[in-house]
Structure formats: C-alpha cells, structure tokens
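Input: a single structure, listed below in structure tokens.
The values are calculated or read from the model by the stated rules, or taken from the named source; none is laboratory data. Keep in mind that this is a model prediction, so the values were computed, not measured. Glycine also receives a Cβ, built like all others from the backbone with ideal geometry; neighbour counts cover every protein chain displayed.
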Amino acid sequence: MYEPIRTKSVHTMADTAGYPHRSREEELDIQLAGHLSALLAVTDELGLAEAGDRIAREVARLRGAVPVRHAALSSAARTGAAALHRRAHALAGRALVVAASRADTGVAILAAERVDAHAVMEAA
C-alpha cells in the first residue's frame, strides 16, 4: 500500500567524529564561569572590591585566565543600586545552582554568601 522510502533521510545526523565534544563537567565549568563573570561585572559595578576579588579568583581558576575587571563606577551604580543588587542576587543564585550540580563546594559557599549579602542589600 505504501511505497518504500528510496532516498536518504534528511534527518540523519552528520558524521559527529569531526565535531569537538565536551563532557558534562566541562559544560558545567563553562556555564559556572559565565555566571560568575556576570556576577563579577555587577559586583565591580557596585564597588564591592573584596567580594569582586574572591569571585575573580574563582573565574580565573575555572577559565585558566584572569578576568577583565570593571574599574570605575557608572552613574547606574549610584542611582540604581537596588536594581544592581537584584541582578547580583539572581546571578549568584544561578551560580549557586550550577556549583551545587558540579559539587564545587568553594564556589557554592561563595555564591551562597553573595546571595545572602545581596538579599540584605536589596531589602534595605
């Protein structure tokens, strides 16, 4: 009743041997470094040097290179500090979830501390 398919399917995958593949741990490292880098940018924007230094050390460990730091406060940091604290709170929460899934205790503690610190500042 049905005619058999005589052509090659367009839905088959290409030869995957030529593509680079990363392990789950490598993907989580990349994701965690990205979240921490974004948190570092907001932390530097808020002028929190000590916290920024701790985050920068973790980013450097994950990426193998020292991250670029934000040197000066912008006008947004002075006028919209509450919004920056909300953003930092969300970023620290994301970093905490990824750190927990890759069992990185040091980053998980750091992220939890930043969540708490930004929650307090956000409420103030």
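What are the pairs, 6+ residues apart or on separate chains, where a residue within region 3-30 that is within 27 Å of LEU62 (Cα to Cα) and at pLDDT 70 or above has its Cβ under 7 Å from a residue that is of a type in the set (A, V, I, L, M, F, W, C) and surrounded by 10 or more Cβ atoms within 10 Å (Cβ to Cβ)?
LEU28/VAL98; ASP29/LEU62
For LEU36, only one of the following conditions fails: (1) closer than 15 Å to LEU96 by Cβ; (2) at pLDDT below 90. What is its number?
(2)
Taking only pairs six or more apart or across chains, which ones have beta-carbon atoms under 6 Å, a first residue in region 87-108 that is of a type in the set (Lys, Arg), and a second residue that is part of a helix (DSSP H, G or I)?
The qualifying pairs are ARG87/VAL42; ARG94/HIS35; ARG102/LEU28.
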